[in-house]
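The structure appears below as structure tokens.
The values are calculated or read from the model by the stated rules, or taken from the named source; none is laboratory data. This is a predicted model, so every value here is computed, not measured. Reconstructed Cβ throughout: ideal geometry from the backbone, glycine too, with neighbour counts over all protein chains shown.
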Amino acid sequence: MAFATMLLLSFANDALADWLRREAPIMGTRVAVEVWVEQAQAGEQALADVMAEMERINKLMSPYIEASELSRINESAGSEGVVVSQELFDLIRRAIEFGRLSEGAFDITYASVGHLYQYREQIRPSVAQREKAVALVDYHLIKLDAEQRRVTLPRAGMKIDLGGIAKGHAVDNAIGILKVAGINHAIVTAGGDSRVLGDHRGRPWVLGVKHPRGEGSILRLPLSNLAISTSGDYERYFEVDGRRYHHIIDPRSGDSSRHLLSATVLADDSTTADALSTTLFVMGAEAGLALVNKMPNVSCVLVKPNGKVVYSDDLVAPSDKSD
Ligand code: AMP
Ligand code: MG
């Protein structure tokens, strides 16, 4: 009898082990989480915790929420700045490091001109407006006081935006939550940023790199314990006279960057993959590949305007190298 009960219980437990999935629109994009759980109830809690974390980061860092810490920084431009949470302070500091690494291709002050674009309404600045605003784009101007956790934008009209790095940060935090919950197999996606925890139970996860113009993917990558981010000119854009105005801005000109159609980065963490995909998109193929080829544990796949796909050295057999 006892044996039969045990058998039943073990069947019941087996039945509970399953993949659980949840999706929600957060941070202006689609957030999806999929986890393998031994117990459905604990899994549901972990999924809820991940979604709550995404909402929390959105409230902290969204430029569209007036009360967010990020909005308060932007509002205070031209004054003595504001004291912010350690989390936001650290992410701004990290964003500035990507600015240095890329000699300004990644620049969170791009928003000083970026806010003049409204993609849904097909609004863009005139050349004069753009030139005026682009004078406020320079991450070197941001003052960080680590002791007080104070962030200062010294010039009136300056703005920052973490859209190129915050989703990656959110995905990393989500993976952290899942690990603490004892989950060993998971994928977290926020728009173009994904990170996989473990493998797909004995096989790698397989993720596609989207074709920047057509349907489907240009290649499929087997991944375990890795982050992958894609930045593309097809995510938020409008066209005027055959010219595409999209959401990734070249900080030097204040115009949309047109050196690539998409940039995909593989890295150990999602914050790095996210920031670097935006960075490479602005840098273009030649400078972008040179940067990635110097970085350990980072790979990239770039799609040029003519549709040609190029890869970082670690992904290419020496005999296949060409541009
Ligand atoms: P992603 O989809 O990760 O490439 O991020 C695109 C987002 O990054 C945009 O929607 C902006 O919020 C932000 N962004 C655009 N241009 C830049 C830039 N040059 N440097 C840093 N962030 C940028
Ligand atoms: Mg990015």
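Go through the residues of segment 50-69 one by one and say whether even a single one is in contact (Cβ under 8 Å) with a residue 40 or more places away in the chain and small (Gly, Ala, Ser). Among the residues of segment 50-69, not one is in contact (Cβ under 8 Å) with a residue 40 or more places away in the chain and small (Gly, Ala, Ser), which makes the answer no. When segment 27-48 is filtered for residues that are over 19 Å from LEU162 (Cβ atoms), surrounded by fewer than 23 Cβ atoms within 10 Å (Cβ to Cβ) and under 20 Å from the mean Cα position of the chain (by Cα), the ones remaining, listed by number, are ALA32, GLU34.
Tell me yes or no: at least one residue of segment 144-159 is of a type in the set (Val, Ile, Thr), touching a helix residue (DSSP H, G or I) at 6+ places or on another chain (Cβ under 8 Å), within 14 Å of ligand 1 (Cβ to nearest atom) and modelled with pLDDT of 95 or more. Scanning segment 144-159, I find no residue that is of a type in the set (Val, Ile, Thr), touching a helix residue (DSSP H, G or I) at 6+ places or on another chain (Cβ under 8 Å), within 14 Å of ligand 1 (Cβ to nearest atom) and modelled with pLDDT of 95 or more, so the answer is no.
For GLU235, the criteria (1) at pLDDT below 95; (2) more than 25 Å from GLU97 (Cβ to Cβ) hold in every case but one, which is (2).
Considering segment 200-222, and only residues there that are among the aliphatic types (A, V, I, L, M) and surrounded by 15 or more Cβ atoms within 10 Å (Cβ to Cβ), the residue that is nearest to ligand 1 (Cβ to nearest atom) turns out to be VAL209.
Once segment 73-129 is narrowed to residues that are within 20 Å of the chain's Cα centre (by Cα) and acidic (Asp, Glu), the residue that is surrounded by the fewest Cβ atoms within 10 Å (Cβ to Cβ) is GLU103. Candidates in segment 290-302 are the residues that are of a type in the set (S, T, N, Q) and surrounded by fewer than 20 Cβ atoms within 10 Å (Cβ to Cβ); of these, the one that is nearest to ligand 2 (Cβ to nearest atom) is ASN297. Selection of helices (runs of 4 or more DSSP H) fully inside segment 49-131 by the criterion of at least 3 residues being more than 24 Å from ILE177 (Cα to Cα) and not aliphatic (A, V, I, L, M) returns 69-75, 86-101. Restricting attention to segment 252-270, the residues being farther than 16 Å from SER299 by Cβ and crowded, with 24+ Cβ neighbours inside 10 Å number 1. Here ALA95 clears all of (1) closer than 16 Å to TYR237 by Cβ; (2) touching a Phe, Trp or Tyr at 6+ places or on another chain (Cβ under 9 Å); (3) within 10 Å of ligand 1 (Cβ to nearest atom) except the condition numbered (1). Condition first: of a type in the set (A, V, I, L, M) and within 16 Å of ligand 1 (Cβ to nearest atom). Can you find one or more residues in segment 223-236 that meet it? Within segment 223-236 (the criterion being of a type in the set (A, V, I, L, M) and within 16 Å of ligand 1 (Cβ to nearest atom)), the answer is yes, since at least one residue qualifies.
Criterion first (in contact with a Phe, Trp or Tyr (Cβ under 6 Å, 6 or more places away or on another chain) and either away from ligand 1 (no atom under 16 Å from the Cβ) or of a type in the set (Phe, Trp, Tyr) (or both)) does PHE106 satisfy it? For PHE106, the condition - in contact with a Phe, Trp or Tyr (Cβ under 6 Å, 6 or more places away or on another chain) and either away from ligand 1 (no atom under 16 Å from the Cβ) or of a type in the set (Phe, Trp, Tyr) (or both) - is met.
Is segment 282-289 home to any residue that is assigned to a helix (DSSP H, G or I), surrounded by fewer than 24 Cβ atoms within 10 Å (Cβ to Cβ) and under 17 Å from the mean Cα position of the chain (by Cα)? The answer is no, given that none of the residues of segment 282-289 is assigned to a helix (DSSP H, G or I), surrounded by fewer than 24 Cβ atoms within 10 Å (Cβ to Cβ) and under 17 Å from the mean Cα position of the chain (by Cα).
Checking each residue in segment 238-269 for being out of contact with any strand residue (DSSP E or B) (no Cβ under 6 Å at 6 or more places or on another chain), among the small types (Gly, Ala, Ser) and within 14 Å of ligand 1 (Cβ to nearest atom) picks out SER253, GLY254, SER257. All but one of (1) closer than 27 Å to ASP172 by Cα; (2) touching a strand residue (DSSP E or B) at 6+ places or on another chain (Cβ under 8 Å); (3) aliphatic (A, V, I, L, M) hold for MET295; state the number of the condition that does not hold. All conditions are met except number (2).
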